[in-house]
Amino acid sequence: AKADGRGTYRFFETGMDARAQARRLLEMDLRAALQRDEFQVYYQPIRDVASGRVVAFEALLRWNHPQRGLIAPINFIPLAEETGLIVQLGEFVLRSACTDATTWPDDVDVAVNLSPVQFKSPNLIASVTEALAVSGLDARRLELEITESVLLQNSEATLTTLHELRAMGVRISLDDFGTGYSSLSYLRSFPFDKIKIDRSFVSELATREDSMAIIRAVTGLGRSLGIVTTAEGVENDVQLELLRREGCTQAQGYLFSKPRPASDVAMMLDRPRLR
Ligand code: C2E
Ligand code: CA
Ligand code: CA
Ligand code: CA
């Protein structure tokens, strides 16, 4: 590193390594992006398996970066969680999703992902209340998706929060079921309205006996506990047919549509399939 590389070189000299440097840049970029309105909420339809009707859309965050294009959440959510920026980002998603859903038919719900960091933040109940109030959305049309990691610690506080949300009329889904430290006891200890069966089980449905057995067990469990089951990542008709046979309630995946901008919701409601 000589004349033109000097700035970079100096950085290494001061002891900050390349990864920390990249992280710092991304963090600054994230903060600026919030100010500049670069985040956008995409929606993916969730269909009732028996009737084929769209019953909900899941809100999925995208970063519309001016230079790097559309960035998927895996590339920025972990850092947003570490830095606490996820709380602001999450509030943006909540508000956008509730507002967008008011323009949809009344029998179509909206599902919003909650980061564990956001779930544990003291602001959570206030931000959900605010998103509902500002948008005017009926709380019964809002579903919040949480992962098992939320249930691992401080179950007392978690339970209180879940009960508060449900008292407002909001429903709770257990996301990515089967990937964490599952957890049949969770289903008994915490009030869930829906179980989302992780894509990893669905993708192996036709090829692995054990995946089939797990799906069968979970849908059976859902039926007997009165909990809706949603299969994630449904990509083909074989999978859909097997899910139908097992009595899985809802399905979501590329078979129906990839996540798309809010302006495409009407189209997703009209057409059973959109690739
Ligand atoms: P998730 O909640 O499990 O969301 C489902 C992911 O699977 C989405 O990826 C979706 O695009 C993808 N997917 C849906 N159908 C199919 C399919 O048929 N095949 C395949 N291969 N993939 C499918 P996406 O949008 O990249 O989001 C990834 C993860 O990022 C989400 O996983 C969620 O954990 C997180 N995330 C997304 N938006 C938000 C948000 O607003 N807040 C928080 N806290 N997390 C979010
Ligand atoms: Ca989800
Ligand atoms: Ca999921
Ligand atoms: Ca997932």
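The helices (runs of 4 or more DSSP H) found entirely in the range 176-275 that carry 3 or more residues being in contact (Cβ under 8 Å) with a residue 24 or more places away in the chain and crowded, with 20+ Cβ neighbours inside 10 Å are 209-225, 237-245. Set side by side, the residues LEU151, LEU137, LEU132, LEU144 differ, and just one is under 27 Å from ALA251 (Cα atoms), of a type in the set (A, V, I, L, M, F, W, C) and either open to solvent by 60 Å² or more (accessible area, probe 1.4 Å) or within 14 Å of the chain's Cα centre (by Cα) (or both), which is LEU144.
Please note which strands (runs of 3 or more DSSP E) are completely contained in the range 46-152 and include at least 2 residues that are within 16 Å of ligand 4 (Cβ to nearest atom) and in contact with a strand residue (DSSP E or B) (Cβ under 9 Å, 6 or more places away or on another chain). Before the answer, list the steps.
Working: elements: 54-65, 69-71, 109-113, 142-147.
Correct list: 54-65, 109-113, 142-147.
Residues in the range 103-137 that are closer than 22 Å to ASP264 by Cα and of a type in the set (Asp, Glu): ASP106, ASP107, ASP109.
The values are calculated or read from the model by the stated rules, or taken from the named source; none is laboratory data. On a predicted model such as this, the values are computed, not experimentally measured, just so you know. When we count neighbours, we look across all protein chains shown, and the Cβ atoms used for this are built from the backbone with ideal geometry, even at glycine. We work out accessible area using only protein heavy atoms, side chains counted, and drop any ligands, DNA or RNA first. Shrake-Rupley method; radii C 1.70, N 1.55, O 1.52, S 1.80 Å.
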